[in-house]
Amino acid sequence: MDPQGSKEGKLVVNGFVVSLKAGHWDPVEEISGQVARLNNLGYRGASGG
(Lines give C-alpha, C1' and ligand atoms only; values in the text may rest on other atoms or scores of the structure.)
Protein backbone atom coordinates (compact mmCIF):
# COMPACT_ATOMS: atom_id res chain seq x y z
CA MET A 1 0.00 0.00 0.00
CA ASP A 2 0.98 3.55 -0.62
CA PRO A 3 1.80 5.31 2.66
CA GLN A 4 -0.14 8.32 1.35
CA GLY A 5 -3.30 6.22 1.06
CA SER A 6 -3.56 5.70 -2.71
CA LYS A 7 -5.47 2.54 -3.59
CA GLU A 8 -4.96 2.63 -7.35
CA GLY A 9 -1.95 2.33 -9.59
CA LYS A 10 -0.69 0.84 -12.80
CA LEU A 11 1.89 -1.71 -13.79
CA VAL A 12 3.71 -1.09 -17.08
CA VAL A 13 5.81 -3.86 -18.66
CA ASN A 14 7.17 -3.44 -22.19
CA GLY A 15 4.40 -0.96 -23.00
CA PHE A 16 1.63 -3.22 -21.68
CA VAL A 17 -0.38 -1.43 -18.97
CA VAL A 18 -2.40 -3.15 -16.23
CA SER A 19 -4.55 -1.10 -13.86
CA LEU A 20 -4.29 -2.18 -10.24
CA LYS A 21 -6.75 -1.55 -7.42
CA ALA A 22 -6.16 -2.46 -3.78
CA GLY A 23 -8.91 -2.98 -1.23
CA HIS A 24 -11.80 -3.43 -3.67
CA TRP A 25 -12.93 -6.85 -2.44
CA ASP A 26 -15.13 -7.65 0.50
CA PRO A 27 -13.27 -8.75 3.66
CA VAL A 28 -11.96 -12.32 3.70
CA GLU A 29 -14.34 -13.07 6.60
CA GLU A 30 -17.32 -12.63 4.25
CA ILE A 31 -18.35 -15.42 1.84
CA SER A 32 -18.32 -12.92 -1.04
CA GLY A 33 -14.72 -11.95 -0.17
CA GLN A 34 -13.67 -15.60 -0.12
CA VAL A 35 -15.36 -16.23 -3.45
CA ALA A 36 -13.68 -13.19 -5.02
CA ARG A 37 -10.27 -14.44 -3.93
CA LEU A 38 -10.92 -17.98 -5.19
CA ASN A 39 -12.17 -16.63 -8.52
CA ASN A 40 -9.03 -14.50 -8.79
CA LEU A 41 -6.95 -17.67 -8.35
CA GLY A 42 -8.83 -19.36 -11.20
CA TYR A 43 -11.44 -21.35 -9.30
CA ARG A 44 -14.49 -20.39 -11.33
CA GLY A 45 -18.12 -21.23 -10.95
CA ALA A 46 -18.76 -19.75 -7.52
CA SER A 47 -20.79 -16.67 -6.80
CA GLY A 48 -20.70 -14.63 -3.61
CA GLY A 49 -23.68 -14.15 -1.40
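The values are calculated or read from the model by the stated rules, or taken from the named source; none is laboratory data. The structure displayed is predicted, hence computed values, not measured ones. Backbone-built Cβ (ideal geometry, glycine too); neighbour counts: all protein chains shown.
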Original post:
If you scan region 10-33, which residues turn out to be in contact (Cβ under 8 Å) with a residue 12 or more places away in the chain and not hydroxyl-bearing (Ser, Thr, Tyr)?
Top reply: LEU20, LYS21, ALA22, GLY23, HIS24, TRP25, ASP26, GLU30, ILE31, GLY33
Original post:
Among ASP26, ASP2, which is the only one that is at pLDDT below 85 and among the acidic types (Asp, Glu)?
Top reply: ASP2
**OP:** Test LEU11 against the criterion of being at pLDDT 80 or above, under 11 Å from the mean Cα position of the chain (by Cα), not hydroxyl-bearing (Ser, Thr, Tyr) and not in a helix (DSSP H, G or I), and give yes or no.
**Re:** no
Subject >> Evaluation of ALA46 against (1) aliphatic (A, V, I, L, M); (2) assigned to a loop (DSSP other than H, G, I, E, B); (3) modelled with pLDDT of 80 or more (one fails), failing number >> reply: (3)
Original post:
When VAL35 is evaluated against the numbered criteria (1) part of a loop (DSSP other than H, G, I, E, B); (2) surrounded by 10 or more Cβ atoms within 10 Å (Cβ to Cβ); (3) of a type outside the set (Gly, Ala, Ser); (4) at pLDDT 85 or above, which criterion, by number, is the only one it fails?
Top reply: (1)
